[in-house]
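The values are calculated or read from the model by the stated rules, or taken from the named source; none is laboratory data. These numbers come from a predicted model, not from an experiment. Cβ atoms come from the backbone with ideal geometry, glycine included; neighbour counts cover every protein chain shown. Just so you know, the surface numbers come from the protein's heavy atoms only, side chains and all, with ligands and any DNA or RNA stripped out. Shrake-Rupley method; radii C 1.70, N 1.55, O 1.52, S 1.80 Å.
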Amino acid sequence: MRKIVIGILIVCLYCFPFVYFSMYQDFANRSMLGYLMMIVMTSLFAFLGKFLCNSIPFIIGNIVSAVISFYFIGKMEDTLEIGWDGGYFKPFSPSQLLVIVSVLNLIPQFFAMKLANRYKNNVKE
């Protein structure tokens, strides 16, 4: 029961649209801090999910976060006429960049999960 509750909590934390927030911070403030925050937070969630639970929250959480980000990026494309869809993220469209950043964000999460496995195995011994 404890693992199910922790898994649901981690999925809820993943529900934040990390990629959209990062792209918005990049667009509005010309800041890469959103991307850094995304990498740190999602890696932490992946570590905790693997250490305390299993890989299911990692999979579901990343899918939900990407879907929510895609929704907000679509809304942003509809509301802003200049910049967001007009070439700021060239050579990619915002939707393409969402997919690229989401896939690249999986790399540090996999490393965090491997680290969690090692730490979990050391604690058991």
Original post:
Can you find a residue in region 52-60 that is open to solvent by less than 70 Å² (accessible area, probe 1.4 Å), at pLDDT below 95 and of a type in the set (Ser, Thr, Tyr)?
Top reply: yes
**OP:** Mind telling me which of the residues Val40, Val19 ends up being within 11 Å of the chain's Cα centre (by Cα) and exposed (fewer than 15 other Cβ atoms within 10 Å of the Cβ)?
**Re:** Val40
